[in-house]
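Below is one structure, written out as structure tokens; the observations come after it.
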Amino acid sequence: MTLRELLCRRREWSEEDTIFVVEPWSGDSAAFLSNEATETTDPIIQSGKCYAYFLEGFIARDFLDDLGAPDDVGEAACERLIRYAIDDA
């Protein structure tokens, strides 16, 4: 699943979900949601890929909702979220 595809399903996430994404981050990067309680932001290896911590799911959802992004998240909103994760989170 790509980051954009994952973000389009944000209404289905729980408050405990965490997003991990393969770097370099883009809307087309492989991503997955983890609901495992983590005390660290260490990368996770899954299916031979290294997924870096991206954001807590509720933070990403709130950010996109504050932008007024539709459920079908566009590339521009996805890029703004990536910039937020890099610069402000």
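A short reminder: the numbers here are calculations on the coordinates, not readings from a lab. As the structure is a prediction and not an experimental result, all values here were calculated from the model. Please note: Cβ atoms are built from the backbone with ideal geometry, for glycine as well, and neighbour counts cover all protein chains shown.
A compact table of results
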item: Which numbered condition Ala31 fails, given (1) out of contact with any strand residue (DSSP E or B) (no Cβ under 6 Å at 6 or more places or on another chain); (2) within 14 Å of Met1 (Cα to Cα); result: (1)
item: Unique residue being touching a residue at least 40 places away in the same chain (Cβ under 8 Å), of a type in the set (A, V, I, L, M) and touching a strand residue (DSSP E or B) at 6+ places or on another chain (Cβ under 6 Å) when the list is Leu3, Leu55, Leu64; result: Leu3
item: Counted residues, region 70-86 - those being surrounded by 11 or more Cβ atoms within 10 Å (Cβ to Cβ) and touching a residue at least 12 places away in the same chain (Cβ under 8 Å); result: 10
item: Qualifying residues in region 34-89 (those that are of a type in the set (Asp, Glu) and more than 22 Å from Glu23 (Cβ to Cβ)) - the one nearest to the chain's Cα centre (by Cα); result: Asp62
item: Odd one out for Ala89 among (1) of a type outside the set (Asp, Glu); (2) surrounded by 11 or more Cβ atoms within 10 Å (Cβ to Cβ); (3) free of Cβ contacts under 8 Å to residues at least 12 places away in the same chain; result: (3)
